[in-house]
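The values are calculated or read from the model by the stated rules, or taken from the named source; none is laboratory data. Quick caveat, the model's predicted, so the values are computed rather than measured. Backbone-built Cβ (ideal geometry, glycine too); neighbour counts: all protein chains shown. In case anyone asks, the SASA skips ligands and DNA or RNA and just uses the protein heavy atoms, side chains included. Shrake-Rupley method; radii C 1.70, N 1.55, O 1.52, S 1.80 Å.
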Amino acid sequence: MASVVVREGEPIEKALKRFQKVAASSKAEARKREYHLSKKEKRIYKQKQNKKFG
């Protein structure tokens, strides 16, 4: 879980913006690790994608 400590005298809006940055990066990391593909599977997937758009 992402967390941010609000500093003394810091506006809540600024702290919220910092929290959103931290939460977005951890969400992207979780999405990236959701499925594990072997090197061979990645290569085959990329080849199929290139055929579609190539």
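Structure data summary
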quantity: Under Karplus coefficients 6.51, -1.76 and 1.60, residue-wise ³J(HN,Hα) of the stretch 25-42 in Hz, glycine/proline x; calculated: 5, 6, 5, 5, 5, 5, 4, 5, 8, 4, 10, 9, 10, 6, 4, 5, 5, 4
quantity: For the chain, the Rg and Dmax computed from alpha carbons only, in angstrom; calculated: 18.8, 55
quantity: The chain, accessible surface, carbon-and-sulfur percent (1.4 angstrom probe); calculated: 57 percent
quantity: Computed lengthening from LYS40 to GLN20, 0.36 nm per intervening residue step minus Cα-Cα distance; calculated: 3.7 nm
quantity: Summed side-chain charge close to TYR35 - residues other than TYR35 whose Cβ falls under 11 Å, Lys, Arg +1, Asp, Glu -1; calculated: +2
quantity: Solvent-accessible heavy-atom area per residue, rounded to whole Å², over the chain at 1.4 Å; calculated: 104 Å²
